Structures are given as structure tokens and as C-alpha cells.
2 protein chains.
Amino acid sequence: MALDANAVQLPLSMLVVFGSAKLLDELFERLGQPGIVGQILAGVMVGPGVLGWIAPNEFLSALAELGVMFLLFRVGLEIKSSELMNTGGTASLVAVLGVAAPFGLGWGLLLLWGHAPIEAAFTGAAMVATSVGITAQVLAAKGLLQHRASKIILGAAVIDDVLGLLILALISSLAKGQVRVLELTITAVLAIGFTAIVATWGTRAVNLVIPPLLRTLKGSEVQFTLAMLLLFSLAVLSVYAGVAAIIGAFMAGMALSENVTHRVHDLTQGVTELLVPFFLVGIGLNLDVAAFASAPTLWLALAVLAAAIVSKFAGCALGAYKLGWPDARRVGVGMIPRGEVGMVVAQLGLSLGLIGQNICAVVVFMSVATTLVAPPFLKLAFRRIGRS
Amino acid sequence: MALDANAVQLPLSMLVVFGSAKLLDELFERLGQPGIVGQILAGVMVGPGVLGWIAPNEFLSALAELGVMFLLFRVGLEIKSSELMNTGGTASLVAVLGVAAPFGLGWGLLLLWGHAPIEAAFTGAAMVATSVGITAQVLAAKGLLQHRASKIILGAAVIDDVLGLLILALISSLAKGQVRVLELTITAVLAIGFTAIVATWGTRAVNLVIPPLLRTLKGSEVQFTLAMLLLFSLAVLSVYAGVAAIIGAFMAGMALSENVTHRVHDLTQGVTELLVPFFLVGIGLNLDVAAFASAPTLWLALAVLAAAIVSKFAGCALGAYKLGWPDARRVGVGMIPRGEVGMVVAQLGLSLGLIGQNICAVVVFMSVATTLVAPPFLKLAFRRIGRS
């Protein structure tokens, strides 16, 4: 029996989000465009800006967050950490230049536009964040995760996340009027140390612990259960260490990559298939179309967008110049999307009072637009490689 | 980067719920007890009553609801609707007697205990609801879904849900002081009509629609996508028709059972494995241990529990007498758990002002306790059949 008026909400919002995402995905693929762009636009369409069928809410954002965690976990399952460590030098250079260029350009642009120094710096920080989820989804869907450029992108995205944390911490403490050097150092050591330790010894620890557990435990689907526990544990620990939960999820996948069964792959894939549309639609849902009715805001948004694309591409491609132009271009394009990370930084700045409502809308626009722009570029950069 | 203080909440609550469920599951299996009981008790333990690590919240209850929807969808995938229809006569008798006996006994008991007629009637109605999720999980885990008694239980549970709806609608309108016959008739026709039509023609409709769609659509995992769309659509429609979303999910599974691939099974299984612990822990989370500090409430709770167990068992076993004692006993035991359904009815009664806080606590206790009692009885009733 359907007991109350709210009983329909859950299945209905599942249907609207999942259904609209898959519908526009199919439509875009048929038009020769990346389906992922269709899914994000589905969010814009069903969201408050256009049709107004669905508003962002706590449940949907939780599903979105779970979705991107599972997405990166699944990507991690296909990458050996040793392979990622081998790209370390290039990935670090890509990350550093890919952080410095957008930060500098964003900061300068906003200062030129007449904004306060702290607002300008915060906008620059919001332009730093790479959403690896979008690129990972495109690469995974095309079977390109084993490509050299893909591994550089993933490695750089992890380092990028840590650098983004440090910049934000620095600006927040600047905004409070005092730079606490000790606090910042602890933040840096914790984030870098945690990431380095898990990436270096994660696989070995898993190889030590999992096989005896598998022999001992009695339940069904024990491998999957252990994989989930590792995923959630590393997500929790990474948040405590200051890095994003999805970085922990990615490292959990990598740690398992060498001795995971086909069964775990399949079961994880089910969760990912169900939840990734919620991540993509969630990005579109947050775009506030109404904010761009004012012409100055629109022009600023377009300028910030151009700066965000050019600076990230140039910085990252330069960092990867050693690989030659084709791969450097792939890396540059792959780092462009800011996705959910840029949006969360914008919300944070707003809540701290460091940026105004219109700058927040501009950053959200930049995040969504870079995310929409990247997949077609990626498709172009990787053409004649991978499936379809 | 972990951007705000709440970033840890999502992975942490996933870890606590999933981890505690799996831990107690393992422990109970090792002690020769049903793991499902361990998972429900994990909810009692981490919940507000004992450790207080987690409180029921909107996100967790949404995951729980999704979990039981996927559970019944997966069970439906293993049952052909034609097989279920064949059990129709017996299943109907089981449902009717299994609804009449608890309702009558509950009503009478509360009247004898000195409660108001409307409160007594509502408590009786709350004792009617069968949570098929628990039994389905036990039977599925032991590979017993193909057993004759299992199919009767599933068929009876569907009819039981419709009957429960009608009783609740009747009592609610009695409470408002007027019985609107037309409204009740429409409710009945809609619920019965929807269920009968989907059960009868669902498979045929799916066989007509799905194959051409599969030939046309381009995306990856198209079969899984279509299965999810059917699942959410039927869940939505069943709520509009007045029956529970899980009944729609179950019928979606049945409609697909004849031409679903192994791949869809595996992907669905991943979601189910992840989410079912949230359903089970969610049941335990809602038990308010503190309410039973008062002796009269405790005695009433025990009396209601005894009445709920005896009446459901006797009614359903009597309905299945034609099958002989072993199967009649299995059916009777399988219908005992009230689980989440009883709890939702209790909440509804409280919000309508038809029952008091202490009766609400009693009904929740009855719901949890019948759910804990059923798995060991089921194990006993089905011993020497099925795996492990």
C-alpha cells in the first residue's frame, strides 16, 4: 500500500533523473555528440532553470556524490598504482602548471574587472579545481583508460586536488587576516602524506590483508563486501586528511586493481551505471540560468570561461610537452572540466562571505560550461583511438 | 580537497551502516543464526537506542527504500508471472485469512486492554501488513525462490498489500466520521485493477516493446537501462494506483523475468548487495528502546507481538492447508515479518492522531520483533531444502 503523499517522490525523482539523462544521452549520441553532454544538459532542462520538474535536494546530491565516488572507484580498478607512480614526474608538472595558470589568470582578470583582491583570489582558486569525474567517464566509456595520456590525467588530477586544498586553505586564512603557517604546514603534510602513503603501499597492504580474509569469511559476495568497506574507509580517511572523498575512492580502486575478480567489476559496474547519471544531471541542476539576465554578469562569465579553458589547457599541455603535441593536447583537454568541484568551491566562498552572489553564479557557469566543452574536445583529441 | 565539515558525513554513514551490517551478519552466521537478524540488530546497536552513532535521516531512509525496491525487483526477476498466477487461488486464501486473523485479534486485544475503538482498529490494521522483503531476502539467499511455498508467499504478499490498503482507507474514512463508499470503491478498483493488469499482461508487453528498443538504441548497457526505467516507472504507477512502490518493483522484475540477460542480473545484484543492508539496518534504527521503560507498555508490546505472530501464522497456514502441513507451515512462517510496512503504518497513525505515542512504539516494536523472529523459523521450516 502506498501510505503517504510523499511515497511517490523517491521513485518519481529516480525516474525523472535517470530517464531524462538516458534520453538525452541517446539523442546526443545519435547527433554524433558526446552522450555525457546530453546528460548534463538533461539536468539543466529538468531543473529549476527550464522545466522545473526537479530542484536540487539533499537526497539527489548525496546520490550524485555516491555516483562520482563509484565512478572513480571503478576507474581506479583499471589502473595499477605502480603505473600511475611511473607518470609521477610529468603528472606533477602538469598539475602544478595546470593550477598556477588558471589561478593567476583568474585572479588577474577579476582584479582588472574591478573586484576586491580577496574575491579575485578566491575566484582564481575556484578556477583551479579539476573535476576528473567527467574526463574519467569519457575515457572509461571509450576504453581509453590504459592510454598514456589518460594515466597522466588521472595522476595530475590527484595532485591537483591536493594543490587546490592548499590554495583554498591559504586564501581562507588570508581572508581571516592572519596566515597561520603551522596550521597550513600540518594541512599540507597530512594531505600529501596520506595520498602518497596510500598510493605507494595501498596495493601491498591489500595483498596482505584481503586473501586471508577471503579464506576466513563466510558470507556471500565477500569480495564485493570487502571492496565496499575499503572504498568507504579510504573515502572517510581522505576527507579527514583534507583531500576529497573521491580521491580516496580512486585510491581504493587502485589498491584493489591487481587482485580484484571479474565479479567485483560487474557488481560495481551495476552501482556505477545506476548512479553516474545522478552525478551528471546534478551538475546541470545547479546551473542558475536567471543570473545571466544582467549583461555585465554575462560578459564576466564569458571572460572567466575563456580564461578557465585557455589557462588550464595551456598550463597542462605545457606540463606534458615532453610527450609530444598529440598527447600534450589530450592531457590539456582532459583537465579542462571543473564540474562539481568548482561549484562546491563557489558555494563555500559564498557561505564564507568571500565572494558575492553574482561571482558565485559566474563560477558555477564556468564549472558547468567547462564540463560541457571538454567531452567534444576529448573526442576530437582521441579520435582514431579507442572504441567508437 | 575536502571542502566542508559535512564532507565526511556521506562516506562515514555509508561505512558505519554497511560495515556494522556486514560485521553482525558474519557474527550471526558463525553462531548458526540467520545473518539477516544480525543486520537488523546492527541497526538497533548503531542507532539512537544504544551506541547513538547514527540517527534515522532522510538520506538513509531513501537508501533503505531503494534497497527494498531493488531487493523485490531482483526477486521478481527469478519468478515468472505465469507461475505466480497459477498459485492465485491458494495465495488469495492465504492473504485473506492472513489479513483477517491479525486484524481481528489485534482489534480485540486493544479493546480488551481498554483502548478507544478507533485506536484498536488502527493497531489491528498495522498488524495486517506483511513485509515480504525480509522473507524474500532469506529465501533468495538460500536459493529457495523456486519452491512452491515461496511462490505462494510472494503471491499472497502482493494481495496482502492491496488488502492492507483497503483496510487502512476504510479506517481512515471511519475516523473522519463518514464512509465515502464511492471513494473506497475507486481505491479498490484502481489498486486491484492495476495489479491484475500488470501481473497478467506485463510480460507480454515487455516482450513486445523491449526487443525492438534493443535493436534501435545505441548506448552501452541498454538492457540494464531499460530494466531500470521499467522498475522506476512501475514503482511510480503503483504508488499512484495506491499500492506500494515495492509491489511495482516486484512486478517489473517479473515482467522482465522471461527475457532478461545474465548481465542485467549481475548489475542489479551489485545495487542490491550495496543497498539491502541499508534496508535491514534501517528497520533496527527505528526501534526506540527507551519507550519500554514503562511496564504496562512493555506488557502490551509483548501481548501484541504474540498476537501478531500467532494470528498471522495461523491465518496463513490455514489458508495453505491444501498443500499439507510442511508447506502450510512454511507459508505461515514466511508471512510473519511486518518490517518496514508496520512501522510506516504506525507513523501514519501517529501523524493522523489516530494512535498515541505509546501505541506507535508498541507497533514499531511488533514490526521489528516479528521481523527478527521470522528468519530462524524460516530456516527451521525449510531445513534440508536449499543451499546451506
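Readers should treat all values here as calculations from the given coordinates under stated rules, not as data from a laboratory. Everything quoted here is computed from the prediction, not taken from an experiment. Here the Cβ is made from the backbone with ideal geometry for all residues, glycine too, and neighbour counts use every protein chain on show.
When the scattering of chain A is computed by the Debye formula from its Cα atoms alone, each counted once and equally, what is log10 I(q)/I(0) at q = 0.07, 0.10 Å⁻¹? Log10 I(q)/I(0), no solvent term: -0.31, -0.64. Each part reduced to its alpha carbon centroid, region B:191-250 and region B:157-175 end up 25 Å apart.
The gain in end-to-end length when the B:ASN6 to B:LEU318 segment is fully stretched comes to 107.0 nm, 0.36 nm per residue minus the alpha carbon separation.
With 26 Å as the limit on Cα-Cα distance, the pairs of B:LYS151/B:LYS312; A:LYS218/B:LYS322; B:LYS22/B:LYS312 that go past it are A:LYS218/B:LYS322; B:LYS22/B:LYS312.
The value for region A:180-255 of Rg(Cα) / (2.2 N^0.38 Å) is 1.27.
Report the net charge of residues surrounding A:GLY270, where surrounding means a beta-carbon distance below 14 angstrom and charges are Lys +1, Arg +1, Asp -1, Glu -1. Charge balance in the 14 Å sphere: -2.
Take the Cα radius of gyration of the protein assembly as shown and divide it by 2.2 N^0.38 Å, N being the number of residues; the result is 1.01. Counting Cβ atoms of other protein chains within 10 Å of each residue's Cβ and taking the mean over peptide B:8-20 gives 6. The mean sequence distance of close C-alpha pairs (under 8 Å, at least 6 residues apart), as a share of the length of chain A, puts its relative contact order at 29 percent.
For chain A, a Gaussian network of Cα nodes joined below 10 Å ranks A:VAL181, A:VAL243, A:VAL162 by mean-square fluctuation, and the top entry is A:VAL181.
Annotation for region B:103-212: trypsin sites (Lys or Arg not before Pro) lying in DSSP loop with at most 10 further Cβ atoms inside 10 Å of their Cβ are B:LYS176. Here is the result for region A:192-292: no GluC sites (Glu not before Pro) lie in DSSP coil with at most 10 other C-beta atoms within 10 angstrom of their C-beta. One Cα centroid belongs to region B:361-375, the other to region A:1-53; the line between them spans 38 Å.
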